[in-house]
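A short reminder: the numbers here are calculations on the coordinates, not readings from a lab. Computed from a predicted structure; not experimentally measured. Virtual Cβ from ideal backbone geometry, glycine too; neighbours counted across all protein chains shown.
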Amino acid sequence: MTRGKMNPIKLTLEEEMLSRLDDLVPMVGDSAAAREFGIKVDRHVVARVALLRGLTSMEAAVPAVPADVVESAPDSVVAPPPPLTLPAIPEESPSSKADTPEFGVAEDVDVGEDGLIAPPEGWHAWSLSEKVPMAHEKVDAHYKSGGWRRYWGHAGEEVIAFYWSPEESLQDYPSYKQSDRSGQTIKVQSTPYGPGHIIPHGWSE
């Protein structure tokens, strides 16, 4: 497929928006696509990804009806965000509610000799060299004080960040209770590996 001609476009963004783009550089730079194609990720690349995903979401909200009967939709109509879920758990992993208490660990989950639970495929520990986004710093400090670790994974096409502890004795640690500027709160989800605490997309403090 022939790639279309690329034309430059200039945008004037607030400092906060630029900072949010910069905060996403490490995550996008560590993506499979960036590694495979040897792309050097900077704020321009992140902005392009954000623009393309935003266009896809907005286009998905356009009704699929003939052009001659399409009414102009309100400017506020956009596709809803994807459901917040932890990355998929392999099918062979135990997942029935009978075997998995709301805040417990399923009996068949692998536990190493060190007593730590082995996370499923798709749950990636946040590297110590990766910068935590500025908007997540208070949340990160809360979970670190409880001995929890930051992870990331894919939920559909979205990349999400979440906290989880491989030590079962620490898994009853309370979730971060403060809401962000838009009123979002940390989402607690039960899994066969113990509860995961998800940071909603677009979190800002």
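Remarks
- Single residue of His154, His142, His201, His136 found to be touching a helix residue (DSSP H, G or I) at 6+ places or on another chain (Cβ under 9 Å) and within 22 Å of Arg20 (Cα to Cα): His136
- Enumeration of residues in region 112-165 that are buried (at least 19 other Cβ atoms within 10 Å of the Cβ), over 15 Å from the mean Cα position of the chain (by Cα) and of a type in the set (D, E, K, R): none
- Residue selected from region 166-205 under the condition assigned to a loop (DSSP other than H, G, I, E, B) and small (Gly, Ala, Ser), by the criterion surrounded by the most Cβ atoms within 10 Å (Cβ to Cβ): Gly194
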